[in-house]
């Protein structure tokens, strides 16, 4: 919020970044950059991508390390780790998309499979852990 009250260095990059930041803060980015715009008050669901507006749940402890539990992508089902136990990706289920598939007539198991996704280098993982149990 401090950036709203601060003059940034006046080069082209900082000016463009400041304007994008202001549009996001004031909620103008969706209507400004969507085809034919969105109505005032539109949310992430109105973009038709099955995404849900939410705050992610992530944390870390010295004993278990970082944990991703839920992000905008969805409910995290697995965290991909490399040989140094560093996070290199994750698997997830997008509940918004899953519910859209069920509403469209898919059974729950089919909808679940269709709503699964992954981010990062999951294929390169040495192991994949359940962040709620390991």
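Annotations
- Per the Debye calculation on the stretch 71-114 with a single equal scatterer at every Cα and no solvent contribution, log₁₀ I(q)/I(0) for q = 0.30 Å⁻¹ amounts to -0.98.
- Kirkwood's formula applied to the C-alpha pairs of the stretch 46-129 gives a hydrodynamic radius of 13.7 angstrom.
- Full extension of the segment from residue 82 to residue 99, taken as 0.36 nm per residue of separation minus the current Cα-Cα distance, would add 2.9 nm.
Values in this text are rule-based calculations from the coordinates and carry no lab data. Treat the numbers as computed from the prediction; the structure is a model and nothing was measured.
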